[in-house]
Amino acid sequence: MQKRTLVILTIDIDNLPSNFPEIIQKEREVVAAWKKAGYLDQLFLRQTKNGAVLIFNDLETEKVMELMETLPLYPLKKSMEVFPILKDEEI
């Protein structure tokens, strides 16, 4: 089984800064770099448009937390939940 980490990030959409579009562009660049480096397996935007769900590849929770703290959206977070999970390769 492969180890993964699921992160559910919720941002405070009631207090978005005026430069939010630029923040989103920087966010996309950071996430694309993570994907290219092999850190990130998947990113899903939440339908409510108040955050995202990220699935990291085989990284320690501490490394995932370090990466998350570098996200341009991180200062806007309302909450963040981190769940170590296992991927069952037989399913």
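The values are calculated or read from the model by the stated rules, or taken from the named source; none is laboratory data. No experiment lies behind these values; they were computed from the predicted model shown. Cβ coordinates were reconstructed from backbone atoms using ideal geometry, including for glycine residues, and neighbour counts include every protein chain displayed. Note: areas computed on protein heavy atoms with side chains; ligands, DNA, RNA excluded. Shrake-Rupley method; radii C 1.70, N 1.55, O 1.52, S 1.80 Å.
Residue ranges 13-19, 45-51 sort as 45-51, 13-19 when ordered by packing (mean number of other C-beta atoms within 10 Å per residue, highest first).
The charge dipole of the chain, taken about the Cα centre with unit charges on the Cβ atoms of Lys, Arg (+1) and Asp, Glu (-1), comes to about 260 debye, rounded to the nearest 20.
Taking a straight Cα-Cα cut-off under 23 Å and skipping sequence neighbours fewer than 8 places away in the same chain, the lysines within cross-link reach of Lys77 are Lys26, Lys35, Lys49, Lys63.
One compactness figure for the chain is 1.10, namely its Cα radius of gyration divided by 2.2 N^0.38 Å. Computed about its Cα centre, the charge dipole of segment 51-91 is approximately 360 debye, with only Lys, Arg, Asp and Glu carrying charge at their Cβ.
Once the 1.4 Å probe is applied to the protein heavy atoms, the chain comes out at 67 Å² accessible per residue.
Would you mind telling me the share, in percent, of accessible area of the chain contributed by carbon and sulfur at probe 1.4 angstrom? Write out the running numbers ahead of the final one.
Numbers: 3300 of 6130 Å².
The computed percentage sits at 54.
Once every DSSP H run of n ≥ 4 in the chain is given -39500 (n - 2.57) and the sum is divided by its residues, what mean residue ellipticity at 222 nm do you get, rounded to the nearest 500 deg cm²/dmol? -9500 deg cm²/dmol, from helical runs alone.
Note on Ala33/Leu86: beta-carbon distance plugged into 1/(1 + (r/R0)^6) with R0 of 25 Å gives a FRET efficiency of 0.45.
When only alpha carbons are used to place a centre, segment 51-91 and segment 23-46 end up 11 Å from one another. According to the Cα-based calculation, Rg over Rh for segment 22-68 is 0.97, with Rh computed by the Kirkwood formula.
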